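Enquirer: Starting off with a structure, shown below.
Taken together, the values in this text are just the output of simple stated rules run on the coordinates, not laboratory data. Model, not experiment: these values are computed from the prediction. Reconstructed Cβ throughout: ideal geometry from the backbone, glycine too, with neighbour counts over all protein chains shown.
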Amino acid sequence: MQPVKILEHLPNLPLSKHKGKDLLRIDEFNGEELMELLQLAAHIKQLQKHGQPFQPLQGKTLGMIFDKASTRTRVSFEVGMYQLGGMGMFLSGKELQLGRGEPISDTAKVLSRYVDAVMIRTFSHEYVEELAHHASIPIINGLTDLYHPCQALADMLTIWEHKGKLQGVKLAYIGDGNNVANSLVLAAVLLGLDMRVATPVGYEMDSAIVQKAKEYAAASGGKLLLTNDVVEAVAGADAVYTDVWTSMGFEAENEVRLKAFADYQVNEKLVAHADHDYLFLHCLPAHRGEEVTAGVIDGPRSFIFDQAENRLHAQKAILAALV
């Protein structure tokens with residue numbers, strides 16, 4: 001299926017509508033607002049494709065704090081700021097005074113005097129919330145152990161491009177009920193998708209997030225199925241999504257997780273239950289032969305590199321809207 005041609009003209013979205021707002025969780029935006037961000041991302045992508053500059057952030061600087069390793073997050077945010085006319089500044093968490101015991105509140109207040117926004121990729125979500133509480137500039141969650149909102153927005157953009165809609169699209173997530181799953185599910189139900197999640201016993205999603213997701217689904221017309229049965233989740237799915245079984249920070253559990261997730265591999269036998277025109281999605285990095293077979297991730301139904309590219313465009317929309 002060819003990607004849908006989404007927009008001809010710049011959406012009628014005042015970029016000041018969300019100026020100064022934080023993005024710590026994907027559900028800080030409602031379904032309508034998420035759709036507006038997706039429209040903006042799609043338009044920015046088309047402008048770039050046709051070589052037309054879009055630089056609303058000239059003279060602006062994004063501080064980028066990294067406590068976790070990164071490929072896609074660092075490169076996409078740094079390149080995104082440059083393409084928007086601004087500058088991204090890499091800041092290693094270990095090399096900041098935070099690493100020597102400076103209070104988060106002091107760092108937040110100082111950075112608020114220097115830069116126009118901060119993107120942070122770290123472990124504790126509470127840490128990011130405290131940073132946002134004390135900062136007077138937008139704080140963007142580039143990943144915590146609980147949420148990965150920028151990834152979820154890129155995921156929704158990818159599905160929208162290739163399926164031509166979001167409402168009612170059947171999306172199956174197979175694997176760990178982790179930060180990626182949390183944000184993906186919240187975005188999906190806010191936008192009216194039919195979301196199915198299959199996790200092993202003991203690795204389910206956070207119960208408080210599940211409760212919020214159910215409430216959002218009821219309001220949006222979306223659906224949410226939680227199961228331990230991979231076939232039930234994938235049956236008739238328009239898109240099948242997985243992530244690594246052992247996320248950063250959980251390496252000590254790797255051997256236990258390999259056993260627990262053994263029946264949750266996305267392979268040729270499992271995707272045979274999906275729609276013939278399904279999309280395979282993965283946030284990357286991937287471990288071929290563990291959570292997914294090479295035949296699936298490198299096959300004709302894999303759209304992982306479109307998905308990775310869309311991190312750039314989705315985050316440019318976020319930056320343009322918030323900064």
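Enquirer: If we count other beta carbons within 10 Å of each Cβ, what is the order of Ser207, Ser105, fewest first? Can you show the working numbers first?
Expert: On the way: Ser207 9, Ser105 13.
Starting with the residue having the fewest Cβ neighbours, the order is Ser207, Ser105.
Enquirer: Same structure again: What shape does region 120-163 have by the C-alpha gyration tensor, where a ≥ b ≥ c are the square roots of the eigenvalues, rounded means a/c under 1.5, and otherwise prolate means a/b greater than b/c and oblate the rest?
Expert: Values: a/c = 4.50, a/b = 2.22, b/c = 2.02.
Taking the square roots of the gyration eigenvalues as a ≥ b ≥ c, region 120-163 is prolate.
Enquirer: Per residue of region 271-287, what does 6.51 cos²θ - 1.76 cosθ + 1.60 with θ = phi - 60° give for ³J(HN,Hα)? Whole Hz please, x for Gly and Pro, Karplus curve as stated.
Expert: Result, rounded to whole Hz: 5, 5, 7, 7, 4, 4, 9, 5, 9, 9, 10, 7, 6, 6, x, 10, 10.
Enquirer: Among 189-200, 126-137, what's the highest-first ranking by average C-beta atoms within 10 angstrom per residue? Could you put the intermediate results ahead of the total?
Expert: Details: 189-200: 24.5, 126-137: 17.7.
So the order, starting with the most tightly packed, is 189-200, 126-137.
Enquirer: Please tell me the relative contact order of region 141-203 in percent, rounded to the nearest whole number, where contacts are Cα pairs under 8 Å and at least six residues apart. Before the final figure, lay out the partial values.
Expert: Details: 87 pairs, mean separation 23.8, N = 63.
Averaging sequence separation for qualifying contacts and normalising by length gives 38 percent for region 141-203.
Enquirer: Oh, and also: Name the shape class, rounded, prolate or oblate, that the alpha-carbon gyration tensor gives for region 202-323, where a ≥ b ≥ c are the square roots of its eigenvalues, rounded holds for a/c under 1.5, and otherwise prolate holds if a/b is larger than b/c and oblate otherwise. It would help to have the intermediate numbers written out before the result.
Expert: Working: a/c = 1.25, a/b = 1.17, b/c = 1.07.
Cα axes put region 202-323 in the rounded bin.
Enquirer: So if I take the centroid of the Cα atoms in region 143-160 and the same for region 222-275, what is the distance between those two points in Å?
Expert: Here the two parts' Cα centres lie 17 Å apart.
Enquirer: Right, next: What are the ³J(HN,Hα) couplings of region 187-192, residue after residue, when phi is run through the Karplus curve with 6.51, -1.76, 1.60 and θ = phi - 60°? Round to Hz, x for glycine and proline.
Expert: 4, 4, 6, 5, 9, x
Enquirer: State, to one decimal in nm², a quarter of the convex hull surface area for the C-alpha atoms of the chain, i.e. the direction-averaged projected area. Kindly include the intermediate steps, with their values, before the conclusion.
Expert: On the way: hull surface 62.7 nm².
About 15.7 nm², averaged over all directions.
Enquirer: Please tell me the relative contact order of region 151-308 in percent, rounded to the nearest whole number, where contacts are Cα pairs under 8 Å and at least six residues apart. Spell out each step's value before the answer.
Expert: Working: 304 pairs, mean separation 37.2, N = 158.
Computed value for region 151-308: 24 percent relative contact order.
Enquirer: Pairs of Cα atoms under 8 Å, at least six residues apart: use those to get the relative contact order of the chain, whole percent. Let's see the in-between values first.
Expert: Working: 660 pairs, mean separation 67.8, N = 323.
With pairs under 8 Å counted, the relative contact order is 21 percent.
Enquirer: Follow-up question, since we're still on this one. How do Glu255, Glu36, Glu232, Glu291 rank when sorted from fewest to most other Cβ atoms within 10 Å of their own Cβ? Mind dumping the intermediate values first?
Expert: Numbers: Glu255 9, Glu36 20, Glu232 13, Glu291 23.
Lowest count first: Glu255, Glu232, Glu36, Glu291.
Enquirer: From the square roots a ≥ b ≥ c of the eigenvalues of the alpha-carbon gyration tensor of region 221-274, which class results: rounded (a/c under 1.5), prolate (a/b over b/c), or oblate?
Expert: On the way: a/c = 2.44, a/b = 1.74, b/c = 1.40.
Taking the square roots of the gyration eigenvalues as a ≥ b ≥ c, region 221-274 is prolate.
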